[in-house]
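**Student:** Mind looking over this structure? Questions follow.
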């Protein structure tokens, strides 16, 4: 099998590059010239970018080889996610890998402002020594206000508690239980949050709120404003104006509406503004974490799996074992059903029996649809574009739950009509085939399976086994089943290696065999 090719357009931690080179041919650049990316992207199966490159629609279309786009960081603002979804391109990022680094950067700004660290450093370098001039303040007992309570915001809350700060936060998309679990007071509006924030720190995505002078003016006198999240989220002119009037004690920025900021940037005139060049996620530990998480996601996506850090699939917050088990079950039941029922026109029903998290249903539906459509279409279909492709094909998949708490194990059953019923159960992290086209079976699903549908006649099993043996392939297990009084039976063999096309053709020539499938 040809190894995939991966393009890395900017510096990536060596640990991530090493992982990728175990499975792929990798071309890694410290900084690929921007104009070259559209010219060469079509030669790769995956491309990894950071912040210097953009992937708009015109760069993405027309490259059928491209399967994965990765942003080595948390934001994906520079990737056209809608186009990637249409094309079935998985979008990967590294959320949370630099959360600690970003939160620590915010606290570095707070401490520098309150303790006059940057001013004291310059003072000593000038040969001066006035301790009274740079008397500072403490974080202890100052009220910390956090806008955005995702991974970075929660890390900031933990650090705030470490400094014995009362912590408040605003995020309309996070459940009350999350705030309670982190011992944080939830504020219902931005106005309420700013009114109590002695120190305000921003940790939202680019889609977060814009904060202008009207809101900033409601901060307590002597407040500090920190932004290490996204440039342009806070009005920089307004910050300078409030510094001019003395309403704000200090400002700490690591990101800007224009990077680098222009020579006339208004906060340059304020010595109590601490300004750093977008260093929030730039630590050795964070760079390693981002590189490894990005590489693992890219590898999983190239292998046809759904990585937990995929952006354009609604991945549920399950443990890796739970997620992997459901992902396997969805692929198995979808593939078997689709191969056995290629002429299926009626709506298909996915029935779930046993315990399953509600938030897993949208992703599970997309995964099953992808497995079905992959067996029916030549186009690329995966969980990313399954809903789009299903609509184009007129395929309807209905989902229903039964006995969600009544069974110890989860089972996935697909059915167009009773004779097409295929069911897989997930017990002890092992998928077991329970029913196939209405025929009851019971076997752990193997990595490689050969299945025949044949007339229920003597000698068929022996002929198949003999022929498989002639091709030097070992049979690990064999299972037989038949539908009541009918004359049709099926046989499933687990093989130690994939059956070649020549074997499949020879099997189809055996008398009494109607159809042969390989999984």
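**Student:** Taking the structure as given and computing volume of the Cα convex hull per residue in Å³, which label from (i) 179; (ii) 212; (iii) 279 fits?
**Tutor:** Step by step, volume of the Cα convex hull per residue in Å³ for this structure corresponds to label (i).
**Student:** Counting DSSP beta bridges in the chain, what percent are antiparallel, to the nearest 5?
**Tutor:** 50
**Student:** Give me the distance between the Cα centres of the range 209-224 and the range 174-201, rounded to whole Å.
**Tutor:** A separation of 15 Å, based on Cα centres.
**Student:** With 10 angstrom as the radius, rank 114, 239 by how many other C-beta atoms surround their C-beta, starting from the fewest.
**Tutor:** 114, 239
**Student:** Also, quick follow-up: Mind pulling the angle between the C-alpha long axis of helix 284-302 and the longest principal axis of the chain? Nearest 10 degrees, somewhere in 0 to 90.
**Tutor:** Here the helix axis deviates by roughly 20 degrees.
**Student:** Next question, about the same structure. When 51, 197, 425 are ordered from fewest to most other Cβ atoms inside 10 Å of their Cβ, what list results?
**Tutor:** Listed from fewest to most nearby Cβ atoms, that is 51, 425, 197.
**Student:** Per-residue counts of other Cβ atoms within 10 Å, averaged by peptide: what ranking do you get for 456-467, 410-421, highest first?
**Tutor:** Peptide ranking by packing, descending: 410-421, 456-467.
**Student:** Return one number: the angle in degrees, 0 to 90 and rounded to the nearest 10, between the long axis of the Cα atoms of helix 320-340 and the longest principal axis of the Cα atoms of the chain.
**Tutor:** Approximately 40 degrees, to the nearest ten.
**Student:** Taking the alpha-carbon centroid of each part, what is the distance from the range 445-504 to the range 261-298 in angstrom?
**Tutor:** When both Cα centres are located, 59 Å separates them.
**Student:** Let me ask another. Please sort 246-253, 65-72 by packing, taking for each peptide the average over its residues of neighbouring beta carbons within 10 angstrom, highest first.
**Tutor:** 65-72, 246-253
**Student:** While we're looking at this one, here's another question. Give me the distance in nm between label points sitting 7 Å out from Cα along the Cα-to-Cβ direction at residue 461 and residue 393, one decimal.
**Tutor:** About 3.4 nm separates the two model spin labels.
**Student:** Can you tell me, using C-alpha contacts under 8 Å and at least 6 residues apart, the relative contact order of the chain as a whole percent?
**Tutor:** Reported as a whole number, the value is 11 percent.
**Student:** Something else now. Express in whole angstrom the spacing between the alpha-carbon centres of the range 20-49 and the range 360-376.
**Tutor:** 29
**Student:** Next up: Take every Cα pair under 8 Å in the range 1-157 that's 6+ residues apart, average their separations, divide by the length, and report that relative contact order as a whole percent.
**Tutor:** Value for the range 1-157: 16 percent.
**Student:** Moving on. Determine, for each peptide in 76-83, 207-214, the mean count of other beta carbons within 10 angstrom over its residues, then list the peptides with the highest first.
**Tutor:** Per-residue Cβ counts within 10 Å, averaged per peptide and sorted highest first, yield 76-83, 207-214.
**Student:** As a check on your grasp of the helix formula, calculate [θ] at 222 nm for the chain: sum -39500 (n - 2.57) over DSSP H runs of n ≥ 4, divide by the residue count, round to the nearest 500.
**Tutor:** Computed ellipticity for the chain at 222 nm equals -9500 deg cm²/dmol.
**Student:** Let me have the relative contact order for the range 1-75, percent, based on Cα pairs under 8 Å that are six or more residues apart.
**Tutor:** Normalised by residue count, the contact order of the range 1-75 is 34 percent.
Every read-out reported here was derived from the displayed coordinates using simple, explicitly stated rules and does not represent laboratory data. No experiment lies behind these values; they were computed from the predicted model shown. All Cβ positions, glycine included, derive from the backbone under ideal geometry; neighbour counts span all protein chains shown.
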